[in-house]
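Below: the structure, in structure tokens.
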Amino acid sequence: MRVVWIIALNTFREIIRDRILYGLVVFALLLIGLSLALGQLSFAEQIRISANFGFTGIHLSAVMLSIFAGGSLVAKEIDKKTILTLLARPISRFQFMLGKSLGLTLVVVSVVTGLALVLAFILMNMGFKLNEGFFLGLFGIILEAIVLLGMALFFSTFSRPIMVASFVLGMFLIGHWLNSLEYFSNKSESGVFKGVGSAIVAVFPNLETFNWRSLAVYGETLEWSVVGTAVVYAFVWYNLLLLAAALVIRKKDFG
């Protein structure tokens, strides 16, 4: 486990120095700032508008960070041939993938935490009291980012970064559309549509499972059993994708 932790820390330092991270943080801060400006347009809905835009900025930053940074993690190591140096040591390829993913997960958690502090400061100045829903919304964003990171790592073992981004963006859109697809396929009278819809719902991860971003605004919360089920769901998908990535990379010749 010490080896995995060393790879994770090195990956964390590498991504923190990456310019794409600063671009995403600036983008999120601009979106949060925009939420503040738009909130001024409506006195009654000021907090709701600001919170919605703020959570959207944090959500998009975490998603893009997982997709673009996750998609280039392995490709960079292969292009620079640094993967040969790493794998020449007593490190299994699964440990390599696990260390890389943990490093990026640390970056995602750090970015979400930093942006959440900014958002919390703005909302509290408007009179909003932090509630359980605020923290659950952030936790859901992190869980979704972890699943997307697993997808990016899996596709990056056999595709170039631009293709990885396309695949994961597609799965991101499908993952947020599954509830609607399930509803319409159940209502449909077409057996083919029902079959295809059920197959897609069963195969793709449902990312709406982690969509708790509106809880803070309405002062709502969740049963802890719901949160626990979502954690297990994210954990299972993440490990399945990481294991699949390790199996693919295991047969690769980097010479």
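The values are calculated or read from the model by the stated rules, or taken from the named source; none is laboratory data. Just so we're clear, the structure is a prediction, and the values are computed from it rather than from any experiment. Please note: Cβ atoms are built from the backbone with ideal geometry, for glycine as well, and neighbour counts cover all protein chains shown. For accessibility, only protein heavy atoms count, side chains too; no ligands or nucleic acids. Shrake-Rupley method; radii C 1.70, N 1.55, O 1.52, S 1.80 Å.
Tabulated results
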quantity	calculated
Ordering of 51-64, 206-219 by burial proxy (mean other Cβ atoms within 10 Å per residue, highest first)	51-64, 206-219
Solvent-accessible area of GLU77 with every protein chain in place, 1.4 Å probe, in Å² to the nearest 10	20 Å²
Between 0 and 90°, nearest 10: helix 161-175 axis offset from the chain longest Cα axis	40 degrees
Centre separation in Å (Cα based) which lies between region 168-221 and region 95-132	25 Å
Rounded percent of accessible protein surface that carbon and sulfur make up, the chain, 1.4 Å probe	68 percent
Whether region 123-220 is rounded, prolate or oblate, judged on the alpha carbon gyration tensor where a/c under 1.5 counts as rounded	oblate
Cα convex hull of the chain, projected area averaged across orientations, nm²	15.9 nm²
Highest-first arrangement of 165-171, 121-127, where packing means the average Cβ count within 10 Å	165-171, 121-127
Cβ-based net charge around GLY133, under 14 Å, with every Lys or Arg adding one and every Asp or Glu removing one	0
Cα-based helix-to-principal-axis angle, 178-187 vs the chain, degrees rounded to 10	70 degrees
Rounded tilt (10° steps) of 19-39 against the dominant C-alpha axis of the chain	10 degrees
Contact order normalised by residue count of the chain, Cα under 8 Å, 6+ apart, percent	27 percent
